[in-house]
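Just below is one structure, and these are the notes that go with it.
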Amino acid sequence: MWQKWFSVKGKSLFSIAFSLHRLTGVVLTIYLCMHLAYLTSIRMGKEVFESFIATTVTPQFLIFDILLVLAGIYHGVNGLRLILHEFGLTYESRKSILYVSVAIVLIVWLIASYRMYTFVMGV
Amino acid sequence: MANEINKEEMHTKRVLEPLAWIFQLISGLILTVLVTFHFYETHFVSHEAMEYELVVSRLSSLGYKIMYALLVFFVAFHAFNGVRAILLDTNFGAKYPQVVNSLCFLAFLIAFGYGSLLLLVF
Amino acid sequence: MDVEFRIRRFDGEKSYWQTFNIPVKRGMTVLEGLYYIKENLDGSLTFRASCRMAICGSCAVKINGKPRLACETQILEIGNSLEVEPLDNFKVIKDLVTDFEGFFKKHEAVKPYLIRKDDNYEEPVELIQSPKELHAYYDFTLCVKCGACYSVCPAAATRDDYLGPAAITAAYRFNADSRDEGEKIRLALVCGDNGVWRCHFAAECSEVCPKQIDPAKAVQKIRFKSAIETIKSIFR
């Protein structure tokens, strides 16, 4: 049933973009809930919050963070592309816009990942 | 004409979906700005951005309070309206649209309320 | 040259793959290949076809994973091994024949005909239309109702009562027609939760349409229109 949203055999890039948009959307919603739960630690005082930060802002967690940022950037950039088309604009050049969006996603992701890497490593 | 449709019934039934759709697009546009700013603030500005004192001082300033309130409002709406759209894409959603709509609205309220709690404490 | 046809068959109970090797000449279509199998190798092979010239829309099947009209797809353009399957998102009746009843019902549901207040069949009058007015909707009249768009739509895959790209395109085609007066009625019909809001612009329908009529574009246009109309109706 729902697996059909993610079946990409024989499909074009547009369908893959749709599948990824849906997947990243669900991932980001789950992350939102986790993030809100995490923030409870701020209300519980300095020690609790800092122990949370000490466990999550670490090299071990960096890979998840980087993947999460990829999901966020993809959902955002692809979302802008969809908004453009859903408002009835630039429909005819949808193929080139898709390629440009993917390029933007990759560039922004690489920059953000590098910055996060230096941030966590304390460089 | 035989094609006439009961206007009153039509109106109440049809308003939710178009408004949710438009608002999903608008909240998406706003979120690209707000989330980018939020991420920039916590990861790009300084290494100390996530220290307790700095987090609390941000949470205490009015400007940040407004920004975070908007962020949590739009993100909660966008997320759970998205979930609603996903559920309505299924036969389950077709059968129980009211259940899907109310549950997702409830989830939105809870997420927004819980997020705002943090802003009220400081 | 011999070409391998792998066909996904269904006998009412079980689904299975069967392979046929058939001699192919340059220019031979997949439909001719299917006829060759039916006439020479296995008379029980069932498929739907009629016009052989891409205007009836009967013979849409999935060829190597992509829906196409069997009658306008040349075998050697695809290669020397083919996989032929029935369309997705439709109930298979037998072999390559799928159940189109629901698809046509949805098409009918959007009132795909001119709606006018002055219908008068006793004394019909000519309805004048400029070339510009014709071109506003002409492309969308080319739909052959083959179901290719519906078979790849991710929303139609999981929700049975979704109107689907073809029906919504038909609604758009008549709404864009200057002779038509039924726009409000059709907007109301596609505006339900089984209508335009289920589209998330996977745009696969436009990619596979054998007539290149861009159903996704029609869906976006009619959706935008119905959203605007709804907002206007709140302030009315």
When chain C is modelled as a GNM with alpha-carbon springs shorter than 10 Å, which of C:Leu96, C:Leu76, C:Leu187 fluctuates the most? C:Leu76
Relative to the longest principal axis of the C-alpha atoms of chain A, give the angle of the C-alpha long axis of helix A:46-56, reported between 0 and 90° and rounded to the nearest 10°. 50
Residues meeting the amide H criterion for C:Ile115 (H placed from the backbone, H to H distance under 5 Å, 5 or more places apart or on another chain) are C:Glu181, C:Gly182
Anything in chain C that counts as a DSSP H helix reaching 15 Å or more along its axis (C-alpha) with Kyte-Doolittle mean of at least -0.5? List them, would you? C:164-175, C:215-235
Inter-chain shielding of B:86-96 (mean C-beta neighbours from other protein chains, 10 Å cut-off): 6
Could I have the simple spin-label model distance between B:Tyr114 and A:Glu50, label points 7 Å from Cα toward Cβ, reported in nm to one decimal? 2.7
What translational diffusion coefficient, to the nearest whole µm²/s, does the range A:11-121 have by Stokes-Einstein, given a Kirkwood radius computed over alpha-carbon pairs, a temperature of 20 °C and 1.002 mPa s viscosity? 135
Per residue of A:107-114, other chain Cβ atoms within 10 Å number on average 1
Tally of Lys pairs whose C-alpha atoms are under 12 Å apart, taken over the range C:101-235, 8 or more apart or cross-chain: 5
Which of the three applies to the range C:99-236, rounded, prolate or oblate, going by the alpha-carbon gyration tensor with a ≥ b ≥ c and a/c under 1.5 meaning rounded? prolate
Helical mean residue ellipticity (222 nm; -39500 (n - 2.57) per DSSP H run of 4+; nearest 500) of chain B: -29000 deg cm²/dmol
With 16 Å as the cut-off, how large is the P(r) tail for the range A:52-111, expressed as percent of Cα-Cα pairs? 53
Rounded, prolate or oblate for the range B:21-121? Axes are the square roots of the Cα gyration tensor eigenvalues, ordered a ≥ b ≥ c, and the cut-off for rounded is a/c under 1.5. prolate
Only helices at least 18 Å long along their axis, Cα-based, and averaging -1.0 or more on Kyte-Doolittle count here, so list those DSSP H runs from chain B. B:7-43, B:62-88, B:97-121
On C-alpha positions alone, give me the angle between the axis of helix A:59-86 and the longest principal axis of chain A, in degrees, nearest 10. 30
Peptide B:34-46: average number of partner chain Cβ atoms within 10 Å per residue? 3
Separation between Cα centres of the range C:143-165 and the range C:193-234, rounded to whole Å: 12
Please report, in debye to the nearest 20, how large the charge dipole of the range A:26-123 is about its Cα centre when each Lys and Arg carries +1 at its beta carbon and each Asp and Glu carries -1 there. 140
Can you give me the relative contact order of the range B:21-121 as a percent, contacts being Cα pairs under 8 Å and 6 or more apart? 31
Counting alpha carbon pairs within less than 8 Å and at least 6 residues apart, what relative contact order, in whole percent, applies to the range C:126-171? 33
When the helix-only estimate is applied to chain C (DSSP H runs of n ≥ 4, each -39,500 (n - 2.57), divided by the residue count), what is the mean residue ellipticity at 222 nm, nearest 500 deg cm²/dmol? -9500 deg cm²/dmol
Test of understanding: express the Cα radius of gyration of the range C:1-156 as a ratio to 2.2 N^0.38 Å, with N the residue count. 1.29
Any chance you could check the Cα centroid distance between the range B:85-109 and the range A:27-85 for me, in angstrom? 25
Using only Cα atoms, find the angle between the long axis of helix A:13-43 and the longest principal axis of chain A, and express it within 0 to 90 degrees, rounded to the nearest 10. 20
Determine the relative contact order of chain C: mean sequence separation of Cα pairs under 8 Å and six or more apart, normalised by residue count, in whole percent. 17
Projected onto their principal axes, the Cα atoms of the protein assembly as shown stretch, largest extent first, over whole-Å spans of 81, 61, 43
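Read-outs: derived from the displayed coordinates by stated rules, not from any lab. Because the structure is a prediction, the values reported are computed rather than measured. Cβ sites come from the backbone with ideal geometry, for glycine too, and all protein chains shown count toward neighbours.
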